[in-house]
Amino acid sequence: MKKAGIICLCAGLLTVSGCSYLHKDQGSPVAGTDIIIERDTEDDTEAGPTAPDLPPEETTIEALQLPELGTETETVNPEIVIASDIHYLAKELTDFGSAFEEMAETEDGKMVSYVWEITDAFLEQVIKRRPQVLILAGDLTLNGERISQEVLAQQLQRVEDAGIPVVVIPGNHDINNSKACSFKGSDRIPAEPTSPEQFAKIYEDFGYGEALSRDPASLSYTYELTDGTWLLMLDSCQYEEGALVGGMIRNDTYQWMDRVLEDAWNEERQVIAVGHHNLFDESRIYEEDCTIEHAEELEQKLDEWEVGLYLSGHLHVQHYKSSKRYRIDEIVTSALSVAPCQYGILQFFGPENYYYVTETTNVTEWAERKGNPDRNLQDFDQYADEFLQNVFYNKAKTELQGQGLSPEEIHGMAELYAMLNVQAVGGRAFEIKQYAMSMPYYELWQQYDRTSILCMYMNEILEDAVVDYNERKRP
């Protein structure tokens, strides 16, 4: 790790996602307390694990897997599990009436009606995997309801009780959100939102009370893994006067970062940065509110201290990208609450020696074990896929109506748009790229209106569909 020079940085200041190309809510920073935990310096100088010497074709999660925690070897499982955008809603906030149903049908692909089953199945899989940590990269709740945070924290305690640490950061939905509400009959009733101070208190056992250092200016902190790696958990959200969709890193947070990253350099620690918002323009169409404002400053800061991996969420799309200027990769894990309900598994041995792959939450297997009779849960993958298809299909159909197209043309064009978007959300659009471009409805889209947001995004999906974004390996 190289020591950074002294540089003054001034941080000014839809896919189906928490970001938008048109809309911003209202939002901002919080004062916290700088918490430094004294640690045994002899232990701090121990180097982390190194990757087994395997040929590239054998460098898989299975090949790199070390014995689980609790085995006689006492070797730590090096896996890191990362999930984002759970959008959990406490059941106490709904009676499943018409207001809730209407909301669930218009939540941009989030399967709010099954968020409890998805979350429970996911946490059971995490406990079975026994990683060294579970990272939740923001948008923990639907709209920042305090009771939703508290109930989710109770669920996360099961993971901690199994000996697996959980660390969290807020997303743009989680703090000071004026949309926090409950659903009773046909009414939406305002619910108590979560303040920054309440967030840190609720998740005290999930990172904040165990931090090596807390940023006084935000909800950022650092956390040390069992293998000695440091997690730089960055609060990129704006919530001073209400929840904004877009993200930024505060000026004071950059100064705190310099201090903790210098400590990491002195102690020869590898660092992984984690934020809710994206570091790079992962989507050229939906940049606004997705990419951190003045992201080039954060990119430069991470490069100064040789932090070569940044993990994020927010976009609701499985994706990754590398810096054009520095040796930094960003991996975006898609939303757990959106089909195909994926999470990431990371084996990390250094910024240029890691392996990331996704896994789907097996809700159907969970339902079978629980004896849950809900038919949608019996083949949840198909239900989830059809649910998301309908969201995109209806979006395209609504735009295309009244444009002089025949019913068959509207249907075919909307189906193509939906099919491409569903594959893009899952990070697998490359699998159908050639097929999609060979369809006559693709040509109709080009003739329709290439300045349309939907057409522009569809074309970007096709241009971007060159790899499977569910797997990333270095070297």
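The values are calculated or read from the model by the stated rules, or taken from the named source; none is laboratory data. Source: prediction; values computed, not measured. Cβ sites come from the backbone with ideal geometry, for glycine too, and all protein chains shown count toward neighbours. Ligands, DNA and RNA are excluded from the accessible area calculation, which covers all protein heavy atoms including side chains. Shrake-Rupley method; radii C 1.70, N 1.55, O 1.52, S 1.80 Å.
Assorted remarks:
- Subset tally (residues that are closer than 29 Å to TYR326 by Cβ, at pLDDT 95 or above and not aliphatic (A, V, I, L, M)) for region 337-353: 5
- Selection count, region 188-198, where residues are open to solvent by 10 Å² or more (accessible area, probe 1.4 Å) and within 7 Å of GLY144 (Cβ to Cβ): 1
Every residue, every condition in (1) in contact with a helix residue (DSSP H, G or I) (Cβ under 8 Å, 6 or more places away or on another chain); (2) farther than 22 Å from GLU92 by Cβ, yes or no:
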{"position": "ASP187", "(1), (2)": "yes, no"}
{"position": "ALA191", "(1), (2)": "yes, no"}
{"position": "GLU210", "(1), (2)": "no, yes"}
{"position": "ASP215", "(1), (2)": "yes, yes"}
{"position": "GLU240", "(1), (2)": "no, yes"}
{"position": "ALA243", "(1), (2)": "no, no"}
{"position": "TYR254", "(1), (2)": "yes, yes"}
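- Inter-residue pairs, beta-carbon under 9 Å, first on the phi > 0 side of the Ramachandran plot and in region 418-437, second among the aromatic types (Phe, Trp, Tyr) and open to solvent by 30 Å² or more (accessible area, probe 1.4 Å), 6+ apart: GLY427/TYR320
- Candidate set from region 199-228 (those that are open to solvent by less than 10 Å² (accessible area, probe 1.4 Å) and among the hydroxyl-bearing types (Ser, Thr, Tyr)); member that is farthest from the chain's Cα centre (by Cα): SER213
- Those residues of region 437-465 which are open to solvent by less than 70 Å² (accessible area, probe 1.4 Å) and either of a type in the set (Lys, Arg) or in a loop (DSSP other than H, G, I, E, B) (or both), in sequence order: MET439, ASP449, SER452, ALA465
- As a summary of the residue check, ASP174 satisfies the conditions (1) under 18 Å from the mean Cα position of the chain (by Cα); (2) over 22 Å from ALA191 (Cβ atoms); (3) charged (D, E, K, R) except for the one numbered (2).
- Qualifying positions in region 188-218 - part of a strand (DSSP E or B) and either among the hydroxyl-bearing types (Ser, Thr, Tyr) or touching a Lys or Arg at 6+ places or on another chain (Cβ under 6 Å) (or both): SER213
- Filter pass, TYR356 being modelled with pLDDT of 95 or more and farther than 28 Å from ALA414 by Cβ: yes
- Of the strands (runs of 3 or more DSSP E) entirely within region 241-345, those holding at least 1 residues that are touching a strand residue (DSSP E or B) at 6+ places or on another chain (Cβ under 8 Å) and open to solvent by 10 Å² or more (accessible area, probe 1.4 Å) occupy 319-322.
- Cβ pairs under 8 Å, 6+ apart, first in region 457-468 and farther than 11 Å from MET437 by Cβ, second assigned to a loop (DSSP other than H, G, I, E, B) and open to solvent by 30 Å² or more (accessible area, probe 1.4 Å): TYR457/ILE285; GLU460/ARG284; GLU460/ILE285; ASP468/ARG428
- Considering the conditions (1) in a strand (DSSP E or B); (2) touching a helix residue (DSSP H, G or I) at 6+ places or on another chain (Cβ under 9 Å); (3) crowded, with 22+ Cβ neighbours inside 10 Å, LEU231 is excluded by exactly one of them, (2).
- Restricting attention to region 382-430, the residues being in a loop (DSSP other than H, G, I, E, B) and open to solvent by 10 Å² or more (accessible area, probe 1.4 Å) number 7.
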